[in-house]
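Worksheet: the structure to be examined is printed underneath.
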Amino acid sequence: MSGERDVNALIKSMSATLVDGLYVFCTVPSDAVPTGLHARMQFQEAEGTTLILLLADAQKAGLKFEYPCRMITLSVQSSLEAVGFIARVAAELSKHGLGVHSVSGFHHDHLFVPEGREADALWYLREMARAQQ
């Protein structure tokens, strides 16, 4: 699965889907990641392990958390070598005062936007794709 590399083609064909649930970011020492968590993303950094997980799961595990957010999946098969796609998406959202944290998976890119701004983000993303038509 090589995926699309052309940024304009990616934007033209992208669709944005809101994923159920309220997510939060947590950090724990790398040697103390609680077992049994269903993290949406786990990334080991020098300072500790970052977890993105549902708010309810973070609360149940007694973890401190920040940035309550909603997850939007960009349903387009982008190449891992595509240059500028997420930069263009982030730049467009930033024009409207929307910060975004992105995570690129093997199959799709995912955006974490502030809780309460998800409808705005979806609208701007759809308009961005429509403008490429």
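The values are calculated or read from the model by the stated rules, or taken from the named source; none is laboratory data. Remember, it's a predicted structure, so these values are computed and weren't measured experimentally. A quick note on method: Cβ atoms are made from the backbone with ideal geometry, for glycine too, and the neighbour counts reach across all protein chains shown. Heavy atoms of the whole protein, side chains included, go into the accessibility calculation; ligands, DNA and RNA do not. Shrake-Rupley method; radii C 1.70, N 1.55, O 1.52, S 1.80 Å.
Looking across region 30-47, the residues that are more than 23 Å from M71 (Cα to Cα) and either assigned to a helix (DSSP H, G or I) or open to solvent by less than 80 Å² (accessible area, probe 1.4 Å) (or both) come down to S30, D31, A32. Within the option set T50, T27, T73, being farther than 30 Å from Q132 by Cβ, open to solvent by less than 40 Å² (accessible area, probe 1.4 Å), polar (S, T, N, Q) and in a strand (DSSP E or B) holds for one residue only, T50.
When K64, K60 are screened for being over 25 Å from A129 (Cβ atoms), open to solvent by 50 Å² or more (accessible area, probe 1.4 Å) and free of Cβ contacts under 8 Å to residues at least 24 places away in the same chain, only K60 passes. Quick check on my filter: what residues within region 27-82 are touching a helix residue (DSSP H, G or I) at 6+ places or on another chain (Cβ under 7 Å) and more than 24 Å from A119 (Cα to Cα)? The answer is L37, H38, Q44, G48, T49, A82. Within region 56-70, being basic (K, R) and either assigned to a helix (DSSP H, G or I) or more than 23 Å from S13 (Cβ to Cβ) (or both) holds for K60, K64. Quick check: is even one residue across region 41-50 closer than 27 Å to S78 by Cα, among the aromatic types (F, W, Y) and at pLDDT 95 or above? Yes; the residues of region 41-50 include at least one that is closer than 27 Å to S78 by Cα, among the aromatic types (F, W, Y) and at pLDDT 95 or above. Counting the residues of region 76-133 that are part of a helix (DSSP H, G or I) and surrounded by fewer than 13 Cβ atoms within 10 Å (Cβ to Cβ) gives 8. Scanning region 14-24 for residues that are surrounded by fewer than 17 Cβ atoms within 10 Å (Cβ to Cβ) and over 27 Å from E45 (Cβ atoms) yields a count of 4. The lone criterion from (1) under 30 Å from E92 (Cα atoms); (2) open to solvent by 40 Å² or more (accessible area, probe 1.4 Å); (3) aliphatic (A, V, I, L, M); (4) at pLDDT 95 or above left unmet by M1 is number (4).
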